[in-house]
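Single-structure report; data block below.
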Amino acid sequence: MTDFAASSSANPFADSARGRNFVRLGLFYLVAYLALNWITAHRSINGSPITLWSPDDALSVMLIMESLAFAPLLWVGQIASDQLFSEVHHPLFATVVCESTLALGYLAMALTLRNRFGLQIRSMRPRDLVAVMAVAPLGAAVIGLFYCSALVATGEAPQGEFLSSYAGFWIGDAAAMVVIIPATCSIFRVLVAEPWRRTEVGHPLFLLSVTLIFVALVVFLSASHVDSRYLFNLCYLPILMVGMKFGYDAGALMLLLAQVLLLIALDYFGVNDKDFASYQVMMFVLSVSGQALGAMVTEWEAATAQLRRQQAELAKVSERATNGAMAAAMSHEISQPLASIAAYVLGARRLLESGQGEEKALGALRKAENEAARARKIVERLRDFVAKGEVARELVDLGELAAVILRLQSDAARERDVSLRLATTEDRPLRARIDRVGVEQALANLALNAIEAVPAHTGHVVIAVTRRGGMAALSVEDNGPGVAAEIAERLFEPFETTKPRGMGLGLPLAREIAAQHSGRLSWRPVAPRGTVFELELPLA
Amino acid sequence: MSAMKRRVFVVDDEPEVRDALTLLLSTAGIDTEEYASAEGFWESAPHDDPYCVILDNRLPALSGIELLARIVERSQRASVIMMTGHGDIPTAVRAMKLGAFHFVEKPFDAESLLAMVEEALARAERESEHNAEAALFRERRATLTEREGEVFDLLLEGCATKTIAARLDITVRTAEHHRGAVLRKFDAKSISALMRLALARND
């Protein structure tokens, strides 16, 4: 508790912006808490404050995970809602006693999640899901024991109803928490921290899954000749589909939508409390399974991405080693004629200076000439060797190629928190006959340069594919600081680099590839700030 | 010493490089003997005398650095100029540690290579002068009789004639006689001149 006390005693109003956020979050909690209680009040059990779905308690846990300073609000919210919305009026004293038990329970649960398991709402990791799945149901079981005892003891719940109250409390809390907490974390990530992932939610597969769940719930709940509780299991299919495709963030959002749809459907069809509880049990199991699968998929994808990065790194290292060996061999080859030229020429000069013999000096110079010819042949051989690397051209859709580059560079963009997107204005595919690997390499170099040039967090890079007469322009635009005047002249020269670990070959290579395709590589500054690099290639 | 033939061994598998070095060195009055491989050179190198060799590191079978190791193991008096690849610092460092006289990066600056060879030859010359003196000294020492030898050793220890006579249990006159013979045979005017000759041999 000590470390926590220290962090909460740090004045939350230290700077006014944080203070405002603090107040805003507290107010939002109170309003949301009371609203949720008002909405769910009709599912309360036997006039007690227990409801069969308690998203409000999940909110309490998350609020305390944000800051322990919010603790008093738990009491305010709970006591107010009990006094305002309960169908049966309870004496204030009884309410205070019962709700204190509950509030302390949630405090303990929040602190366990945060301090013991290191879980943070704003940056949840897949393995944190396991903590939520374990702590929420167990915690609800323990808290429920104390709370229901307090209710019975103070007469807020009827004496004989302890077990049914306890069961109702548990399912209401556990089912809500395993849906609401992960979903909130995912909303934070997908909508705020990693906004480029919003497309996942707009993806046809996601929308299709939501529709499927909606249709399933409506159809099953109106079907009178089948037990719709069994048919509910069909909801697994869309949930698993989304989890497998997008991982646990989209999976958690999907589960939240499914939960909300289920609640609306259950109320709309006037399902009784007993069946309601059964559905919540099934929803609970569905949530746990769906999120476990999503977490596994996300972890697996992260591991694969890591592996891919390492492989790329390895390839780069081995390429560098190969290049190094080749450079060493070449430099040895060419140093032979250079050495003999040096010796012949100095020998000739000394002969002439000392007047020892013009004939001999002429002979030495002729030999030096032959050596120069030998050096030239070595250089020609090197050029032929490099040219041999030319590969067959293939017909490629440049829009698709740009999309591949976007995917490949998205990790680099994410690392710097820079937005990277594709803008295609053409409705028809632009095809060119190209050396695919070469052009991919050139565009990847341009994109990576841009990503590294723009400021972190506020930078944006746009890759665009446009038609320009008989040419296609692959352009990379950024809002970076632009090209400094002193670099501009030598921009395309090999071994000129401003990067600490760069080779200075990216732009020369891109220009070489443009030339090989009878295209061109150009750049210009854009207003108000930034640069656009453009690779033009002839269309097929 | 101008009568002495100035000669350098060139070990390089590139005939053009050997030819060019031969021509260049000839302008400084230096003869060359060319070898295309380390093995070829090793078989005919004059191991007993000081000599100078320009050695390329990249050779077909036995490498230059391996040959260098063999040369310094056999004789301390060879001056080896190692030719290494451009920027091949590790080889250059190894060569110097092994006891190379110098190293040049290939392609070399012909002027400084020439200067280096001159320096190496000067050292070889000093070595061989020294060698000649040592040989003469050994030769002269061999002409002494057994008794003269004993007197010679005691003279070098700095003993006076009387002491020598006492130590060898001979008369002072006899000792003086032997002393005169030793000085004559070594062509030395005094004891201190004899000492100088002995010291020169020993360093």
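The values are calculated or read from the model by the stated rules, or taken from the named source; none is laboratory data. Predicted model only: the values in this text are computed from it and were never measured. Please note: Cβ atoms are built from the backbone with ideal geometry, for glycine as well, and neighbour counts cover all protein chains shown. Note: areas computed on protein heavy atoms with side chains; ligands, DNA, RNA excluded. Shrake-Rupley method; radii C 1.70, N 1.55, O 1.52, S 1.80 Å.
Per-structure values
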| item | result |
| --- | --- |
| Close pairs from region A:469-493: first assigned to a loop (DSSP other than H, G, I, E, B), partner β-branched (V, I, T) and surrounded by fewer than 16 Cβ atoms within 10 Å (Cβ to Cβ), Cβ under 9 Å, at least 6 apart | A:N479/A:T458; A:N479/A:V526; A:G482/A:V526; A:A484/A:T498 |
| Any hit, region B:33-43, residues being within 23 Å of the chain's Cα centre (by Cα), at the interface with chain A (Cβ under 10 Å from one of its Cβ atoms) and in contact (Cβ under 8 Å) with a residue 12 or more places away in the chain | no |
| Residue match in region A:138-155 (condition: open to solvent by 10 Å² or more (accessible area, probe 1.4 Å), under 32 Å from the mean Cα position of the chain (by Cα) and over 28 Å from A:E301 (Cβ atoms)) | yes |
| Within region A:26-58, tally of residues that are within 14 Å of A:V76 (Cα to Cα) and under 32 Å from the mean Cα position of the chain (by Cα) | 10 |
| Test: B:A142 is aliphatic (A, V, I, L, M) and open to solvent by 70 Å² or more (accessible area, probe 1.4 Å) | yes |
| Of all residues making up region A:343-362, the number that are under 14 Å from B:L21 (Cα atoms) and either open to solvent by less than 30 Å² (accessible area, probe 1.4 Å) or more than 10 Å from chain B (Cβ to nearest Cβ) (or both) | 7 |
| Criterion: at pLDDT below 85, more than 30 Å from A:W300 (Cβ to Cβ) and surrounded by 16 or more Cβ atoms within 10 Å (Cβ to Cβ) - qualifying residue of A:A103, A:A80, A:A69, A:A94 | A:A94 |
| Qualifying residues in region A:521-540 (those that are open to solvent by 80 Å² or more (accessible area, probe 1.4 Å) and outside any strand (DSSP E or B)) - the one farthest from A:D435 (Cα to Cα) | A:P528 |
| Criterion (out of contact with any Cys (no Cβ under 8 Å at 6 or more places or on another chain) and within 14 Å of chain A (Cβ to nearest Cβ)) met by exactly one of B:L25, B:L62 | B:L25 |
| Residue match in region B:20-37 (condition: farther than 23 Å from A:K360 by Cα, touching a strand residue (DSSP E or B) at 6+ places or on another chain (Cβ under 8 Å) and crowded, with 23+ Cβ neighbours inside 10 Å) | no |
| Residues of region A:435-489 satisfying the condition of being open to solvent by less than 20 Å² (accessible area, probe 1.4 Å), more than 28 Å from the chain's Cα centre (by Cα) and modelled with pLDDT of 90 or more | A:A472, A:A473 |
| Some residue of region A:367-374 being without any contact (Cβ under 8 Å) to a residue 12 or more places away in the chain, open to solvent by 60 Å² or more (accessible area, probe 1.4 Å) and either closer than 17 Å to B:A20 by Cα or more than 8 Å from chain B (Cβ to nearest Cβ) (or both) | yes |
| Some residue of region A:387-399 being at the interface with chain B (Cβ under 7 Å from one of its Cβ atoms) and open to solvent by 40 Å² or more (accessible area, probe 1.4 Å) | no |
| Candidates A:R43, A:R116, A:R20, A:R122, filtered to the one that is basic (K, R), open to solvent by less than 50 Å² (accessible area, probe 1.4 Å) and either over 18 Å from A:A141 (Cα atoms) or at pLDDT 80 or above (or both) | A:R43 |
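Yes/no per residue for (1) free of Cβ contacts under 8 Å to residues at least 24 places away in the same chain; (2) in the same structural domain as A:I121 (by TED's automatic domain parsing):
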| site | (1), (2) |
| --- | --- |
| A:F188 | no, yes |
| A:R198 | yes, no |
| A:I239 | no, no |
| A:G243 | no, no |
| A:Y248 | no, no |
| A:L256 | no, no |
| A:S287 | no, no |
| A:G290 | no, no |
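Here is a yes/no grid of residues against (1) open to solvent by less than 40 Å² (accessible area, probe 1.4 Å); (2) without any contact (Cβ under 8 Å) to a residue 24 or more places away in the chain:
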residue	(1), (2)
B:P60	no, no
B:R74	no, no
B:A78	yes, no
B:V104	yes, yes
B:F108	yes, no
B:M116	yes, no
B:L121	yes, no
B:R126	no, yes
